[in-house]
Amino acid sequence: MNGDCHSLLSSAAADKFRAWRAEGERQRLTLLREDFPEGQFQYGLLRLLASGSWSERLRQRWRSLCSWMGCHTPLNGWKTFWYRKAGVNIGENVHLAPGVILDLLFPQLITLEDGVVLGPGAIIVSHVYTPERIVIDRAIAGKRSMVDGQGILAIATMGEASVLAAYSYTVKPIPAGHIGVGVPAVVQPRSAAPLKEDNHDQCT
């Protein structure tokens with residue numbers, strides 16, 4: 001285990017992660033599978049989060065604890081309280097329905113602007129795993145935007161008064177005044193004709 005930890009901390013993934021943090025976590029970070037030592041891609045990010053200074057580790061655990069509390073609290077006021085403690089930037093008149101989940105590892109990269117509504121079970125994440133890479137980036141819900149029930153917004157930005165429909169998923173921006181529907185979400189202006197029933201089929 002000590003050998004694995006040493007090889008991870010001297011890897012390209014660790015170098016990229018440390019540089020990203022030193023620069024204020026402002027840019028998108030992409031960690032490729034080949035950046036990690038063999039066999040460490042799956043859990044490497046968690047180990048990198050646990051490898052900083054004692055103050056960084058304490059801050060990370062506090063954020064994760066507050067995010068966990070926010071996730072399991074049903075009331076909007078308490079959810080807002082705990083997620084703000086976790087580092088989420090939450091504006092005024094934001095409504096978080098029961099079951100809303102915000103990223104446990106990087107809550108500080110999430111912004112919910114004034115008037116945002118997150119429906120029951122909506123999820124916003126600021127890091128995404130694929131079989132070949134880990135991507136960490138900001139997730140922003142613009143003013144008066146809405147993520148409907150069970151919708152998933154991942155490392156993307158929603159413009160003002162935009163909507164991500166129920167049971168939809170996107171890693172791409174939704175412009176202001178637009179709606180995204182499906183998996184992956186198909187985007188069109190909210191003022192356009194009603195979405196056809198086969199839109200979900202078009203996403204497969």
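Each value in this text was obtained by applying a stated rule to the coordinates, not by laboratory testing. Small disclaimer: the values here were computed from a predicted structure and weren't measured. Positions of Cβ are backbone-derived with ideal geometry, glycine not excepted, and every protein chain shown enters the neighbour counts.
Given that just one value was derived from the coordinates, which of (i) 12.0; (ii) 38.9; (iii) 12.8 is mean projected area of the Cα convex hull in nm²?
(i)
Lys and Arg at +1, Asp and Glu at -1: add these up for the other residues within a Cβ distance under 13 Å of V128 and post the number.
In short, +1.
Build a GNM of the chain with springs between Cα atoms under 10 Å: which of A156, A12, A185 gets the top mean-square fluctuation?
A12
Pick from L112, L96, L45: which residue has the top mean-square fluctuation in a GNM of the chain where Cα pairs under 10 Å get a spring?
Greatest mean-square fluctuation among the candidates belongs to L45.
Can you give the local net charge around V117? Use residues other than it whose beta-carbon is closer than 15 angstrom to its beta-carbon, Lys and Arg +1, Asp and Glu -1.
-1
Treat each spin label as a single point 7 Å out from the Cα along the C-beta direction, and report the S53 to R190 distance in nm.
So the label points at S53 and R190 sit 4.4 nm apart.
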